[in-house]
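Right, one structure below, let's go through it.
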Amino acid sequence: MDESKMEFEESLLKFLFNEQLWNPIIQFDEHVDYKNIKSKLSGTKGVDFLGVFQDNVYFFEIKNFKDYRIKNKDKLNNIGDKLMTEIAQKVRDSLSCIISGKLNSTNDKELWNDF
């Protein structure tokens with residue numbers, strides 16, 4: 001069995017996904033449809049990766065606090081309220097982008113059907 005791997009890098013961390021198990025798997029915040037929406041609607045945020053595994057959709061938001069401790073210090077104060085809010089915004093905006101992609105994408109409409 002050929003085990004093709006999709007490799008992504010985020011926050012100085014590498015991620016390998018088996019493409020036969022994760023179908024599809026994308027680096028969402030780098031996708032052209034997400035970038036188009038973000039350029040038109042300021043403040044839009046997206047998760048790092050989106051993937052389908054066994055008919056379930058997974059949202060991945062990667063935070064590497066080890067190498068970015070000072071940059072993220074304010075997100076960890078107040079028991080992580082800022083961090084929780086940021087992740088919630090990213091999930092909300094990512095869902096909106098998936099729906100918009102399914103309805104309006106001229107680049108990858110079939111991909112958004114999978115999600």
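The values are calculated or read from the model by the stated rules, or taken from the named source; none is laboratory data. Predicted, not measured: the structure shown is a model, and the values here were computed from it. Note that each Cβ is placed from the backbone with ideal geometry, even for glycine, and that neighbours are counted across all protein chains shown.
A compact table of results
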{"item": "Residue match in segment 37-59 (condition: within 20 Å of residue 87 (Cα to Cα), modelled with pLDDT under 90 and surrounded by 13 or more Cβ atoms within 10 Å (Cβ to Cβ))", "result": "no"}
{"item": "Looking only at segment 38-65, and only at residues there that are in a loop (DSSP other than H, G, I, E, B), of a type in the set (A, V, I, L, M) and touching a residue at least 40 places away in the same chain (Cβ under 8 Å), the one that is farthest from residue 95 (Cα to Cα)", "result": "62"}
{"item": "Residues that are among the basic types (Lys, Arg) and in contact with a Lys or Arg (Cβ under 9 Å, 6 or more places away or on another chain), drawn from segment 1-47", "result": "38, 45"}
{"item": "Single match in 78, 72, 107 (criterion: surrounded by 14 or more Cβ atoms within 10 Å (Cβ to Cβ) and modelled with pLDDT under 90)", "result": "72"}
{"item": "Filtered residue count, segment 1-36, keeping only those that are in a helix (DSSP H, G or I) and either without any contact (Cβ under 8 Å) to a residue 12 or more places away in the chain or more than 14 Å from the chain's Cα centre (by Cα) (or both)", "result": "3"}
{"item": "Single condition residue 92 does not satisfy, out of (1) farther than 20 Å from residue 26 by Cβ; (2) at pLDDT 95 or above", "result": "(1)"}
{"item": "Meets criteria (in contact with a strand residue (DSSP E or B) (Cβ under 7 Å, 6 or more places away or on another chain) and surrounded by fewer than 17 Cβ atoms within 10 Å (Cβ to Cβ)) for residue 19", "result": "yes"}
